[in-house]
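One structure is given below, encoded as structure tokens.
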Amino acid sequence: MTILDDKSTLGNFPTNLFNLSAGDFDSLAIEVYHYQYENNLIYREFCDHLGKNPSTVKSPEFIPFMPIEFFRSFDVMSGAWDPEIIFTSSGTSGAETSRHLVKNLASYREISLRGFREFFGSPENLVILALLPSYLEREGSSLIDMVAMLIDKTGSSLSGFFLYEHEKLHESYLKAREEGKDVMVIGVSFALMDLAEKEYNFSEATVLETGGMKGRRKEITRAELHKILQWGLKIEHVGSEYGMTELMSQAYSTKNGIYRFPEWVRLSIREVNDPFTRCNYGKTGIINVLDLGNVHSCSFIATRDLGKLYKNGTFEVTGRLDNSDIRGCNLMIN
């Protein structure tokens, strides 16, 4: 079976990821598994080591999830191709970073745009003000590429990146509101805390935090962060983005730290001490992500993030496993 021929349901990837039914998702997940087992040497060796192969994997619940750490040590690719771009994680000082080889940058941007629209509507209706200094100060950030794409889609001269220019950012917000535009402020946690200390009024903005103190501030709980931002920015709710270098897709929370992925991504929770046993709904365990958008790398990723899954498909991120690096995108102990 080949996933990219004319008969494949992914022949028009990524367009046919959108508007999937539950049955479509299951069949597509199995197709992707077969394709990646045959065409991704790293993933196949991992599956073989576990004794999991296409003869034993008949439904998505039996698909093995590859440890996310493999993206640090290997070029994770399904098939043979030259990457159009390589996204890298921020990591911590001296830590080895992850590398996500992306075959087609336009696919990443389309997947990101579709996911964003599902939660916040069209960016053409927004002014987007981005406060992402730690990401701007390095190369290879998938978050910067996504936000730059969203800023471009707004078509507004008021949209843009602001390094440490808090006053200028606030002035752009005020001008946008004067013009009757809806405003979204996207920021890394420590930068939003810096902004909150200025006590500017952003009461009519949607504020979206991407998490991570990047060593600039002491790590705090998400609940504490949101209280600080709510008070300092004069806002009722704080939204949040859950993404990572190794994924093509993002999850969002509009308030209260309750996330949801778009329909082409499915999340499950595994037991901390048994990676092959799933947790019951509402129980804390380790997050597995099945991202069909990752067809050209690996769609089945075992993260190091702790979380809870609920029956309606929403989830919380509650922390990290001990002795693992703090991820750059939206991971704080809760």
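The values are calculated or read from the model by the stated rules, or taken from the named source; none is laboratory data. Values in this document were obtained by computation on a predicted structure and should not be read as measured data. Positions of Cβ are backbone-derived with ideal geometry, glycine not excepted, and every protein chain shown enters the neighbour counts.
Observations
- Within the stretch 145-193, being among the hydroxyl-bearing types (Ser, Thr, Tyr), touching a strand residue (DSSP E or B) at 6+ places or on another chain (Cβ under 7 Å) and farther than 19 Å from residue 232 by Cα holds for 154, 156, 159.
- Condition met for residue 203 (touching a residue at least 12 places away in the same chain (Cβ under 8 Å) and assigned to a loop (DSSP other than H, G, I, E, B)): yes
- Options 252, 242, 281; residue that is among the hydroxyl-bearing types (Ser, Thr, Tyr), under 19 Å from the mean Cα position of the chain (by Cα) and surrounded by fewer than 22 Cβ atoms within 10 Å (Cβ to Cβ): 252
- Residue in the stretch 137-159 that is at pLDDT below 95, hydroxyl-bearing (Ser, Thr, Tyr) and more than 18 Å from the chain's Cα centre (by Cα) present: no
- Residue that is nearest to residue 86 (Cα to Cα) [pool: residues in the stretch 242-255 that are out of contact with any helix residue (DSSP H, G or I) (no Cβ under 8 Å at 6 or more places or on another chain) and of a type outside the set (A, V, I, L, M, F, W, C)]: 242
- Residue match in the stretch 175-195 (condition: among the hydroxyl-bearing types (Ser, Thr, Tyr) and in contact with an Asp or Glu (Cβ under 7 Å, 6 or more places away or on another chain)): yes
- Strands (runs of 3 or more DSSP E) wholly inside the stretch 235-284 containing at least 1 residues that are free of Cβ contacts under 8 Å to residues at least 24 places away in the same chain: 251-253, 265-271, 274-278
- Any hit, the stretch 214-231, residues being of a type outside the set (Lys, Arg) and assigned to a strand (DSSP E or B): no
- One residue stands out among those in the stretch 45-62 that are within 25 Å of the chain's Cα centre (by Cα) and under 26 Å from residue 97 (Cα atoms): the one that is surrounded by the most Cβ atoms within 10 Å (Cβ to Cβ), which is 47.
- In the stretch 194-204, the residues that are surrounded by 20 or more Cβ atoms within 10 Å (Cβ to Cβ) and more than 16 Å from residue 135 (Cβ to Cβ): 196, 202
- Checked against the criterion of being crowded, with 17+ Cβ neighbours inside 10 Å, under 15 Å from residue 247 (Cβ atoms), β-branched (Val, Ile, Thr) and at pLDDT 95 or above, the candidates 42, 128, 68 yield just one match: 68.
- Residue check for residue 111: closer than 27 Å to residue 186 by Cα, touching a helix residue (DSSP H, G or I) at 6+ places or on another chain (Cβ under 7 Å), in contact (Cβ under 8 Å) with a residue 24 or more places away in the chain and in a helix (DSSP H, G or I): yes
Listed here are the residues, each with its yes/no results for (1) crowded, with 22+ Cβ neighbours inside 10 Å; (2) in contact with a Phe, Trp or Tyr (Cβ under 9 Å, 6 or more places away or on another chain); (3) not in a loop (DSSP other than H, G, I, E, B).
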{"site": "100", "(1), (2), (3)": "yes, yes, yes"}
{"site": "134", "(1), (2), (3)": "no, yes, yes"}
{"site": "144", "(1), (2), (3)": "no, yes, yes"}
{"site": "158", "(1), (2), (3)": "no, yes, no"}
{"site": "175", "(1), (2), (3)": "no, no, yes"}
{"site": "185", "(1), (2), (3)": "yes, yes, yes"}
